[in-house]
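The next block holds one structure in the form of structure tokens; read it before the comments.
The values are calculated or read from the model by the stated rules, or taken from the named source; none is laboratory data. What you see is a predicted model; the values in this text were computed from it and never measured. Here Cβ is always computed from backbone atoms with ideal geometry, including for glycine, and neighbour counts include all displayed protein chains. Areas reflect the complete protein model, heavy atoms only, side chains present, ligands, DNA and RNA absent. Shrake-Rupley method; radii C 1.70, N 1.55, O 1.52, S 1.80 Å.
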Amino acid sequence: MISTKFIIITGGVLSGLGKGVTTASIGLILKSRGFKVSVCKIDPYLNVDPGLMNPYQHGEIWITKDGYEADLDFGHYERFLDIALTNKHNITTGKIFLSVLEKERKGYYLGQTVQIIPHVTDEIKSQIKNIAKMDNAEILLVEIGGTVGDIEGMPFLEAVRQLRLELGEKNVIFIHVTLVPIIRGEQKTKPTQHSVKELRSLGIQPDIIICRCQEELKDETKEKISLYCNVDKDAVISNHDVEDIYEVPIILERQNLGRILLDKLGLKERYNKFDEWIKFVEKIKRIKDYVEIAIVGKYTKVVDSYISIVEALKHAGYKLNHKVKIRWINSERLEYDENYLKELMEVDGILVPGGFGKRGIEGKIKAIEFARENNIPFLGICLGFQLAVVEFARNVLKLKDANSTEFNPNTKHPVVDLMPEQKRIKQLGASMRLGEKMIKIKKDTLAYRIYGSEITFGRHRHRYEVNPKYINTLESKGLIFSGISEDSRAEILELKGHRFFVATQYHIEFSSKPLKPEPVFVSFLKACIDYKKEKRNAIKNKK
Ligand code: GLN
């Protein structure tokens, strides 16, 4: 008998309503009351995982500890709940079908016609229950991606309908997240009504409706939704726009969502330790100072592509009592527009994030050169790390042709090259160097001072590495590799004599939590704040 309680979160009206943040917030509210909470995400697409999807379409890829390439909502879950999720926590149509078809070939369904109901729905239910068991969860949140009414989502909605029938109404509850648009000053409930109608036609009656809205839901709006959608009025919850996503749990909690959830699940509150979070958000609201960071990338139009970096910068900033303003710098424009490069003089720090493919590479290299030459705080991540090596090889070692073989396979100086094991790989999906590795840090380096330890752990997603043949030459000119992984790969670099020039092969942005910012980000921002003060003083002294 399974003792986990399940909360199923569906979405209506349109996508992009921030269902991931809502789910993470619900989790935080329950965790603060003393329950062991876990989360899984259902993505109703045929891809096995989102690893090969274009960031323009789906935003950032989140890497789990075990090296799974996940949807960006995993970032919200891990950040809000301070947990580590895995491959198993993401159910996709691709994975479900793959598993059903493998079973069919093995003869598991011998004699039967394999169908969506019951075979596919059984597979879905069994994977959901396995997650609950694996995590020993008291409450498992199940977020169903997409919008109710999509053909792709049907087998999943049918499976969770059955789950409620099977386990009972105190063990499975439904939360529907919708949109209440404002038209000529009026909060409109019709889209919510239609979306709930659609859900009910599939046999699912929501227990709670959470409405995204630009402003707080009026009492009469809640009344109307309650009446038309057959939900208690106090179970219609306003999830209105806030300045910072970390406020979302607080506005939900203020409407008693925690108590309502426990009532519906037949659970008793153990304690309520929400104060730390409230204090954190109150602190954010008081912060007046800010620091401005340039992020140099090619996906700068889709902010979601770098969401974890932005969040990690925010976390570090909050610790240092600063808000972080981002200046998006388009790496391709840097290649032809000389004046644009000067914008980098106005910011307090330059960050070059990860990326794939040739477009915008030369622009990123220019930005790195600018940071190095002008002593501006610089942080490189993954591709940013690799390009810092290329820039240094070209401009300091004077190897004019130096490059990564990703961008010039015939370069005379392949300072960044494909990892040997990557040369043998034939399939594209899930084939990079992925997941968490241990990194050894050299004493007497900046990295050691930052971490205060001889080891750290970081998550990876790359095919290329710094070519070991060049490491001695690079180091002899001051580019020090202060972190090396357990499998002997260059992981951290730092430049001697620069105010802050650090880059990592691993993705530091996946280790940052709102209340536990990642140390490299903190140290970078500290350097940016000092640099900003110095600039200000220099101007004052001139006057
Ligand atoms: N394209 C580079 C590689 O594959 C960097 C990857 C990244 O930035 N995530 O090694």
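Below, the figures for the structure above:
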quantity: Pair list, Cβ under 6 Å, 6 or more apart: the range 71-93 residue without any contact (Cβ under 8 Å) to a residue 24 or more places away in the chain, other residue in a strand (DSSP E or B); calculated: none
quantity: From the options Asn410, Asn403, residue that is within 16 Å of the ligand (Cβ to nearest atom) and of a type outside the set (Asp, Glu); calculated: Asn403
quantity: Qualifying residue in the range 431-439 (condition: free of Cβ contacts under 8 Å to residues at least 40 places away in the same chain, surrounded by fewer than 18 Cβ atoms within 10 Å (Cβ to Cβ) and within 16 Å of the ligand (Cβ to nearest atom)); calculated: yes
quantity: Residue match in the range 32-43 (condition: among the hydrophobic types (A, V, I, L, M, F, W, C), in contact with a His (Cβ under 6 Å, 6 or more places away or on another chain) and either under 22 Å from Gly168 (Cβ atoms) or open to solvent by 20 Å² or more (accessible area, probe 1.4 Å) (or both)); calculated: yes
quantity: Pair list, Cβ under 7 Å, 6 or more apart: the range 337-362 residue within 16 Å of the ligand (Cβ to nearest atom), other residue open to solvent by 30 Å² or more (accessible area, probe 1.4 Å); calculated: Arg359/Glu332; Gly360/Glu332; Glu362/Glu335
quantity: Index of the failed condition, Thr456 passing every other in (1) under 18 Å from Val389 (Cα atoms); (2) hydroxyl-bearing (Ser, Thr, Tyr); (3) more than 14 Å from the ligand (Cβ to nearest atom); calculated: (1)
quantity: Pairs with Cβ under 8 Å, 6+ apart, first in the range 134-148 and part of a helix (DSSP H, G or I), second open to solvent by 20 Å² or more (accessible area, probe 1.4 Å); calculated: Met134/Lys88; Asp135/Lys36
quantity: Hey, Lys364 under 24 Å from the mean Cα position of the chain (by Cα), of a type in the set (D, E, K, R) and part of a helix (DSSP H, G or I) or not; calculated: yes
quantity: Long-range neighbours under 6 Å by Cβ, at least six apart or interchain, first residue closer than 17 Å to Leu446 by Cβ and open to solvent by 10 Å² or more (accessible area, probe 1.4 Å) within the range 375-390, second near the ligand (Cβ under 9 Å from one of its atoms) and part of a loop (DSSP other than H, G, I, E, B); calculated: none
